[in-house]
Amino acid sequence: MAQSDEGGGIRREILTSHADIDRVYPEALGYRLKRMFLGKPYVTEQLLGERLSKPVALGVLAPDCISSSAYGAEQILTQLTPFIGLAAFSLLVPVMFVILGVLLLVTISYLDVIGYYNVTGGSYIVVRDNFGPRIASITAVALLIDYIVTVAVQCSAGTAALTSAVPGLLYYKVPITITIIVLLIYGNLRGIKEAGKWFAFPTYFFIAMMSLTIIVGYAKEAFGTLHHIAQPPVRLLVDHHLGSSHGGFLMGVAFIVLLRAYANGGSSLTGLEAISDGVSSFRRSEAHNARVVMMSMSGILAFLLIGTTMLAYWTHALPYAAGSPTVVSQEVLAVFGSHGPLHVVYYLVLLATMLILYTGGNTSFNGFPFLTNFVAKDGFLPRQLTKRGHRLAFSNGIIILGTLALVLVLAFGASVNSLIALYAIGVFTAFTMAGAGMAKRHWKRREDNWRRGFIINAASCAVTLLIALIFAIVKFGEGAWIVVVSGPIMIAGLLKLNRQYVAEEHAFEATRVRALSQYRLNRVVVFVDQYDLATDRALRYCETLNAFAVRAVHFDIDPAVTKHLEDAWGQSGTASAGVNLEIVECEDRRVDRAALALVADVVRDPDVFCMVILPRRGFTSRLQRLLHDRTADSIASAIMNAPRTAATIIPYQMAKKSPLTDVSSLDSGAELVVRGGVRGDAHLEADVRLAARAVDSVPIGGLRERDHAEVAGRVRSMTLSKERGASDLRCVLSDSSGSISLVFQGRSTIPGIERGTRLLVKGTVTSLNREAVILNPEYEIVSGPASDD
């Protein structure tokens with residue numbers, strides 16, 4: 001369409017508006033359901049967001065670690081009370097102090113990690129950097145197991161806190177835990193962020209309530225008003241037995257039992273690696289802030305562990321076989337009483353405990369997908385785990401983590417006492433590998449204070465390795481065998497997968513080199529079934545190819561169809577007029593194998609490259625697609641097995657209701673794309689600023705040639721063109737109505753302009769190589785792309 005301007009010239013409409021693709025390719029039912037359940041998709045630019053301050057980071061990254069204080073003392077008692085009864089409380093405090101010593105050592109080691117590695121990845125990155133990716137696969141497996149078990153343990157422990165407050169729910173602990181995990185899966189698929197006061201609240205709420213309990217409990221003990229809890233029936237206790245403290249070595253405790261208690265108590269240290277995994281999310285300076293939070297987290301954990309341990313020692317709170325009421329809940333009840341106004345504090349403490357435990361379970365849904373992303377990028381896990389989903393989360397990793405956690409909950413009946421046997425091996429193996437990696441780094445590089453760093457990390461490596469071995473041995477029969485057996489199998493699987501990826505990369509790299517050679521002959525084969533518009537279009541496409549020869553081939557399966565095709569072929573004015581039709585027998589009617597055999601004969605000469613053209617009718621209706629087979633697709637898959645071949649499917653879309661092609665113009669041979677499509681933006685802060693600044697701009701989709709216009713939009717793509725010895729920077733500017741190219745002649749870069757930049761542009765619209773452009777426009781940078789600075 002053309003329009004006269006005031007000077008008598010012709011101002012032609014140019015193609016700047018978006019195509020209306022929704023009219024012929026509506027969203028699939030599956031995508032519409034996904035959008036309904038998960039919400040509007042996020043754009044990649046939304047990945048970059050605000051960094052965490054120290055208080056928020058502590059609340060967001062520490063729940064997994066700090067919440068373990070809710071069951072640390074209880075797990076020691078579960079191993080001691082069946083053997084030595086109430087004498088277990090005499091050993092509880094010494095065992096916990098040994099664990100606090102390990103906490104101090106591991107904390108110092110991870111402070112060293114944070115100082116050198118301020119990127120996301122933690123132990124895996126440390127080991128990969130110092131030992132290589134193959135050894136790092138051991139750390140990867142350990143962390144993957146730890147994340148999976150963490151979800152099961154934390155959510156089961158949260159349910160135990162809930163059932164302690166509401167005992168009537170104890171029978172439903174498995175369905176409740178499963179529901180929580182399903183909700184966590186759903187929430188993370190929707191894009192739950194690990195930032196913000198809402199996720200920090202449970203941590204501070206728990207710290208405040210437990211600190212209040214400990215302080216009041218200490219005060220009551222000092223005044224002599226904190227009493228022992230009445231002993232429950234033995235049938236309700238762990239192993240349905242309460243041991244005796246009379247006689248024998250260590251008051252009747254076999255050394256192996258003491259080791260089991262120590263190993264169980266080591267589960268209190270899970271989650272220590274969370275800060276090192278999230279260093280990159282801190283505000284600058286990242287390492288300093290992460291170290292402050294790491295020391296704060298460890299200090300709070302130590303305070304809560306020793307506090308709950310001393311309360312257990314003073315009250316003689318015994319662990320129950322059912323896991324509920326928990327030892328902590330009994331301590332709180334002893335401190336604040338079961339009657340009176342202070343009894344409400346009991347429910348507040350259990351509420352805080354439940355919230356932080358569930359939040360601690362959610363922490364794994366952030367760590368696991370990122371870890372699998374790193375490992376997959378290194379070629380040790382399927383690369384599908386590197387893909388971000390609808391809401392920018394690593395959806396495949398989230399689903400895998402949630403599914404495996406659900407399996408554990410079902411298998412172990414949501415019992416913390418049973419699940420704990422799987423817990424510590426993974427995390428302490430990761431501690432061991434991180435310490436070994438840092439020790440090697442200090443030994444190899446010998447920077448300032450390297451001896452101190454080497455000694456600390458080597459000691460951490462040795463101690464945590466010892467704990468992991470103790471746990472594997474003494475808890476082997478209680479479930480640790482699952483980790484001991486599955487761990488090496490998983491490592492072997494990762495290494496095998498890596499060898500496969502390496503072999504593929506090598507093979508394709510070699511193929512790429514051979515493909516650089518020039519083929520002397522290019523032969524084109526068009527497989528046709530009947531002569532229709534799809535076949536005619538395919539033949540016209542062949543005319544654009546610089547082919548040595550074009551063969552039209554029909555496989556004779558139905559003589560009547562073949563006869564009809566021969567009668568229609570070669571008519572004047574059609575694309576078939578200059579192409580010979582070759583009829584080939586297909587006795588067994590397997591068209592795909594017949595096509596492969598024919599193409600393989602074509603490329604017998606090593607100087608020949610064969611291009612296979614496959615006409616295909618396209619349908620928008622599911623019913624239409626159901627009524628037709630996909631012969632072109634099966635042929636394309638088959639001929640991939642022949643060397644030096646390529647298949648191109650030439651589709652011809654059949655209209656349904658509102659076609660992209662203007663059907664009224666088909667008779668004249670024109671196929672015009674229906675335009676006028678609208679593409680929304682993400683409504684980010686940069687889009688809001690652009691809309692406020694561009695009040696006088698016109699839509700890009702309505703531009704005409706020779707318009708002097710002001711337009712606003714987002715830089716969607718950038719190309720550096722080097723033609724005739726000059727460099728031209730070409731940017732595609734897009735708004736909701738259309739897009740146009742901006743050409744900056746003689747420029748290779750422009751400071752501030754990159755993909756995602758919001759621009760306000762003034763200039764004259766012209767046509768260059770039949771493309772709408774604005775040459776050397778005036779521009780204003782309204783906003784740069786999103787940044788995490």
Item to check | Cross-chain or 6+ apart pairs with Cβ under 6 Å, region 713-733 first and under 27 Å from residue 702 (Cα atoms), then aromatic (Phe, Trp, Tyr) and open to solvent by less than 40 Å² (accessible area, probe 1.4 Å) | outcome: 729/744
Checklist entry - Which one of these is assigned to a helix (DSSP H, G or I), touching a Phe, Trp or Tyr at 6+ places or on another chain (Cβ under 7 Å) and under 21 Å from residue 350 (Cβ atoms): 157, 152? => result 157
Checklist entry - Is one or more of the residues making up region 283-294 open to solvent by 10 Å² or more (accessible area, probe 1.4 Å), within 29 Å of residue 422 (Cβ to Cβ) and either β-branched (Val, Ile, Thr) or assigned to a helix (DSSP H, G or I) (or both)? => result no
Checklist entry - In region 484-493, is there at least one residue being more than 21 Å from residue 132 (Cα to Cα) and open to solvent by 80 Å² or more (accessible area, probe 1.4 Å)? => result no
Item to check | Residues that are in a helix (DSSP H, G or I) and at pLDDT below 85, drawn from region 494-529 | outcome: 504, 505, 506, 507, 508, 509, 510, 511, 512, 513, 514, 515
Checklist entry - Of the residues 408, 419, 404, 465, which is touching a residue at least 24 places away in the same chain (Cβ under 8 Å), of a type outside the set (S, T, N, Q), closer than 25 Å to residue 161 by Cα and open to solvent by 60 Å² or more (accessible area, probe 1.4 Å)? => result 404
Checklist outcome for this item: Subset of region 326-344, residues of a type in the set (A, V, I, L, M), open to solvent by 20 Å² or more (accessible area, probe 1.4 Å) and part of a helix (DSSP H, G or I), comes to 333, 334, 344
Checklist entry - Within region 86-96, can one find any residue that is assigned to a loop (DSSP other than H, G, I, E, B), out of contact with any helix residue (DSSP H, G or I) (no Cβ under 8 Å at 6 or more places or on another chain), at negative phi and not hydroxyl-bearing (Ser, Thr, Tyr)? => result no
Item to check | Total residues in region 106-121, condition open to solvent by 40 Å² or more (accessible area, probe 1.4 Å), more than 21 Å from the chain's Cα centre (by Cα) and either over 18 Å from residue 282 (Cα atoms) or among the aliphatic types (A, V, I, L, M) (or both) | outcome: 1
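Yes or no, residue by residue, for (1) of a type in the set (Ser, Thr, Tyr); (2) within 26 Å of residue 520 (Cα to Cα); (3) at pLDDT 90 or above; (4) buried (at least 16 other Cβ atoms within 10 Å of the Cβ):
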{"site": "552", "(1), (2), (3), (4)": "no, yes, yes, yes"}
{"site": "577", "(1), (2), (3), (4)": "no, no, no, no"}
{"site": "591", "(1), (2), (3), (4)": "no, no, no, yes"}
{"site": "603", "(1), (2), (3), (4)": "no, yes, no, yes"}
{"site": "616", "(1), (2), (3), (4)": "no, no, no, yes"}
{"site": "629", "(1), (2), (3), (4)": "no, no, no, no"}
{"site": "639", "(1), (2), (3), (4)": "no, yes, no, yes"}
{"site": "650", "(1), (2), (3), (4)": "no, yes, no, yes"}
Next on the checklist: Condition first: under 14 Å from residue 779 (Cα atoms) and among the hydroxyl-bearing types (Ser, Thr, Tyr). Now tell me which residues in region 721-748 satisfy that.
Outcome noted: 741
Checklist outcome for this item: Within region 307-325, the residues that are surrounded by 24 or more Cβ atoms within 10 Å (Cβ to Cβ) and more than 12 Å from residue 232 (Cβ to Cβ) are 308, 309, 311, 312, 323
Checklist entry - So residue 122 fits all but one of (1) on the phi < 0 side of the Ramachandran plot; (2) touching a residue at least 60 places away in the same chain (Cβ under 8 Å); what number is the exception? => result (1)
Item to check | Odd one out for residue 571 among (1) in contact with a Leu (Cβ under 7 Å, 6 or more places away or on another chain); (2) not in a helix (DSSP H, G or I) | outcome: (1)
Checklist entry - Yes or no: residue 363 surrounded by 17 or more Cβ atoms within 10 Å (Cβ to Cβ), touching a Pro at 6+ places or on another chain (Cβ under 8 Å) and hydroxyl-bearing (Ser, Thr, Tyr)? => result yes
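The values are calculated or read from the model by the stated rules, or taken from the named source; none is laboratory data. These numbers come from a predicted model, not from an experiment. When we count neighbours, we look across all protein chains shown, and the Cβ atoms used for this are built from the backbone with ideal geometry, even at glycine. Accessible surface is based on the protein model in full, side chains and every heavy atom, while ligands, DNA and RNA are left aside. Shrake-Rupley method; radii C 1.70, N 1.55, O 1.52, S 1.80 Å.
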